[in-house]
Every structure is written in structure tokens, then in C-alpha cells.
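Please treat every number below as a calculation from the coordinates, not as lab data. Owing to the predicted nature of the structure, the values given are computational and were not obtained by experimental measurement. As a convention, Cβ positions derive from the backbone with ideal geometry for all residues, glycine included, and neighbour counts pool all protein chains shown.
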Ligand code: FUL
């Protein structure tokens, strides 16, 4: 009897060690929600501005344009979405209503909408056409509905807030699952307001009752990420130039200022200043929005000013490559199509990203890690291109190395890393050394890895041995390591 008990004890001891080693690391700090994890996978998407304002050649419609001017005779959502797809964009956010108040869908809440225009003989629904085109092409779809409405006669009163919530409810109910609900920060000022042509000021911290409004989003569109400049699921990066700070934490603690949450302290327009809050209370990654041309709306005089594929690639590295999202403003012209130079630029950008990140040189290397938790968390998982598998160290091991050894010299200038973010933003810093002339030489260093960190080396490095030295306050969990040579197209 005693011998059996002893065997059982030994067995339990061994298996408990095994079970412990198989257990995943404890999560660390603020964690992304399911909707944010899905948003992180989109990485690059676009924001479409197209209203009567396009036909007026303005950036902000006053709210007084005759709906009859909205007559895009060649509009084709499939063609626009095809250009998004060629650019590698994974989603489209449609400005369903901009500040001019013109709704691109036949809303029941306001007369100033697409049914008053000649488009599709007044029977059109452009939100639907974009939505359907996105679904067909496998792109995510989201909406931007401007809170500021320069046409609505009751803007500024509580009645308008009710109308705005009804508009959102229509958008949330009739167009399938949305990945984003984008809420602009420009609010109150002069406008048409049903013909009054007045200036109406609102207190943007209280007027919209965002808590009540966003409860509707949560109820009707649980997977829609709320974007706003006061933060929520996704925060504004603080500029409209398309870049995040070199250090950019996804975790964030808003700073209360003037009775509201000031998500973006004023200094965030500089790449050198850290963005976000290390160890912040919430997971609120940044979105970098930037138009493809100088304006958010199409202007014929901006021909020739479309960002080039190289410029877009550089923004990609400074946004997606810093754990943020890149939201590109893409605007149809009065035909209802994209200008050829925009289509070409998107295509070139898509190719540049795809070609540059096609061949992960690390996959041809022998990989060794200084520590692993168990077989279920081995080093090779950083090379399998699966974001759900990851390498993790034992609980007590907070610094560790990844070594890559090739049988011959490799040349590269891009280094890409991803943490396993369902367990939080764990890593404090990474230093990368290359063996050059028999010595380990530091070639790069970075903080804030998170969803994605891409380091672009100023010069290509040639080596057959590379070492990543990683440090965290808890054990490490990484899902990807990559080494690439940027394509020249
Ligand atoms: C801004 C707006 O005022 C611009 O018109 C544009 O829609 C941009 C994306 O957001 O705040």
C-alpha cells in the first residue's frame, strides 16, 4: 500500500511540474480586448471623404451646399476598394457624414441626405455600396459620423444629440459588423444650421454625453473600435502627419485636464517624445491618420502631390512599425473614382510592403534561445508566422537572448518583432547585436515592442550571426522575429 502511495506522490510531483511548465505566463498589466486584437491585425486601412464638399472643392463644407451637386456619375465602390486592396489596406472607414451634415445614406433622421441628390435617381445608399464592396473584397468596414453637423437646425440643443444617436443606431444596424466607429474631434463653430448662418458653441466635454452614446456602440457593435481624440479603444496619435513616436506604448493613462480626459498631451507631435504610458491603466493603441494628398477631400489643384510609395513606406514604418495603425485618407474625385496617380501610388506601396517583408531571412537561420518555458513555448514559434503561437521564458527569467546563426553572410536592413500581446505589453527593451569582424556589435535598440516593432537600419548590415537581448519586468512572450532586406522597386 505504502509503495503505491509513494509512486503516486512521485507521479503527482512530476506531472505538476509538467503542468506548471505548460501553463501560459500570467498576463501583465492592461490587456487588449478581442475587438482591439482584431483591430491590431488590420494595421493599414483607409478613410474615405466624399460628400457635396468634394463638388465644392472645399475641406469643410459649411452645410449649405445644394444636394443636387452631389452627382458622381461614374461612382464605383468596387473600383475604389480594389485600389485599397492593391495597397494592402485591410479596412475602409467611410465618412458617412462629415461636418457639412450630408448623410451618404437615406437616413430617417434628417432631410439633408443622399436621397435628395441625383445619385442613383435619389434611391442610392452609398454606405451600403461601400459596405458591400468591402465585404466582397474581404476588407473590414467602419464608419465615421461627424458629431458636428453644420446643416442641422437643432445643432447645439439636446434634441440634436438624440438625432446623432439615432444616426449612429442606423449605421450600427444596417451595415453588418463594423470594425471602427470613428469620432472626429472638430466640434462647434459657424455653420448654416437650417439657414440661420450662426456660430454655435458647445462644451465638447459634456454636450455629446459620450458615455451614453458609446454604450449604444457597445450594445449594437461590440467589435467596433471607438476612435476619438479623447481616447477609448484607439487613440488619436496627436498629429495628422501619419507617424507615432519612436517609443509608443499601447498602454495609456489619460491625463485629466480642463474637466475632460486629455488623451494627447501637447508634445506628441514629435517623434522623439514617448507616446502612451508605460504600465498605463488601459490598452489604447494609437492610430496615425494622414491623407494620401494634402487634403482629406479631393482637390484637382493637388494633382502631383500624392504621396509616393516610398513616402508611404516610410510612414508605414513610423506607424505600424511602432505598434500603431496607419489610417490613410483616400478621396474620390467628382467622377466618384480615384485619380490614377492615387491608384498607382497605392499599388506601389502595397508592392513595396509585400516585397520587402516577403522573405524572412531568419527562417533560414539556426535559432537558439537562452531560455524556454517548455516545449509548448519554444523559440521556433517566433518564426512560424502564426500570431497565436509564441516563445515564452520561465516565470523567473526576465532577460533572455535569441540567437540566429546562418551558414553564410546575410544582408538586411529591417528588423521586425512582435510580442504576444494577449498577455500584455511586457517587454521594456531590446538590443540587437551583429557579429562583425569577430565582435558582437550593437546595431539597434528599441523600447515598446507590443503588437509590432520594425527597426529600419540606416545602413544594411552583413553578418552570419545576430543576437537579440530582451529585457522585461516579467517573463517574456514573443510571437514574431523577422529580418528582411527592403525592396527597391
Ligand atoms: C478632422 C476633420 O476636421 C477633417 O475634416 C477630417 O475629417 C479629419 C480626418 O479629421 O478632425
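Listed by Cβ neighbour count within 10 Å, with the fewest neighbours leading, 226, 47 appear as 226, 47. Once the Cα-Cα distance is subtracted from the 0.36 nm per residue extended length, the residue 341 to residue 123 segment shows a gain of 75.4 nm.
Taking the fewest neighbouring Cβ atoms within 10 Å as the starting point, the ordered list for 33, 228 is 33, 228.
Modelled this way, with points 7 Å down the Cα-to-C-beta line, the labels at residue 368 and residue 38 are 4.4 nm from one another. Can you give the angle from 0 to 90° between the axis of helix 158-174 and the longest principal axis of the chain, with both taken from C-alpha atoms, to the nearest 10? So the helix axis and the longest Cα principal axis differ by about 60 degrees. Using C-alpha pairs below 8 Å separated by at least 6 residues, the relative contact order for the chain is 16 percent. Using alpha carbon centroids, what distance separates segment 75-136 and segment 307-322, in Å? If we compute the Cα centre of each part, the gap is 27 Å. Contact order for segment 361-484, expressed relative to its length and based on alpha carbon pairs under 8 Å spaced 6+ residues apart, stands at 37 percent. Sorting 73-79, 232-238, 189-195 by average packing, meaning the other beta carbons within 10 Å per residue, from highest down gives 232-238, 189-195, 73-79. Considering helices alone, the calculated mean residue ellipticity of the chain at 222 nm is -7500 deg cm²/dmol, with DSSP H runs of length four and up weighted by -39500 (n - 2.57) and normalised per residue. Peptide packing: for 83-89, 246-252, the average count of neighbouring Cβ atoms within 10 Å per residue gives the ranking 246-252, 83-89, highest mean first. A simple spin-label model places pseudo-atoms 7 Å from Cα toward Cβ; at residue 314 and residue 384 they are separated by 3.9 nm.
Placing a label point 7 Å from the Cα of residue 396 along the Cα-to-Cβ direction, the residues of segment 463-489 whose backbone N falls under 14 Å of that point are 475. Take the Cβ atoms of residue 406 and residue 137, set R0 to 30 Å, and the FRET efficiency comes out at 0.20. Put simply, when 329-338, 438-447, 216-225 are sorted by average Cβ atoms within 10 angstrom per residue, most first, you get 329-338, 216-225, 438-447.
Oblate is the label for segment 34-356, because a/c, from the alpha-carbon gyration tensor with a ≥ b ≥ c as root eigenvalues, is 1.5 or above and a/b does not exceed b/c. Once the Cα atoms of helix 309-319 and of the chain are each reduced to a long axis, what angle between those two axes, in degrees from 0 to 90 to the nearest 10, is obtained? Rounded to the nearest ten degrees, it is 70. Counting 0.36 nm for each residue step from residue 74 to residue 357 and taking away their Cα separation leaves a gain of 98.3 nm. Extension gain for residue 441-residue 162 works out to 94.3 nm (0.36 nm per residue, less the C-alpha to C-alpha distance). According to the square roots a ≥ b ≥ c of the eigenvalues of the Cα gyration tensor, what is the shape class of segment 50-132, taking rounded for a/c under 1.5, prolate for a/b larger than b/c otherwise, and oblate for the remainder? Judged from the Cα gyration tensor, segment 50-132 comes out prolate (a/c at least 1.5, a/b above b/c). Shape class for segment 145-264, computed from the alpha carbon gyration tensor (a ≥ b ≥ c): oblate, with a/c not under 1.5 and a/b at or below b/c.
Quick one: angle between helix 340-356 and the longest Cα principal axis of the chain, in degrees between 0 and 90, rounded to 10, please. Value to nearest ten degrees: 10.
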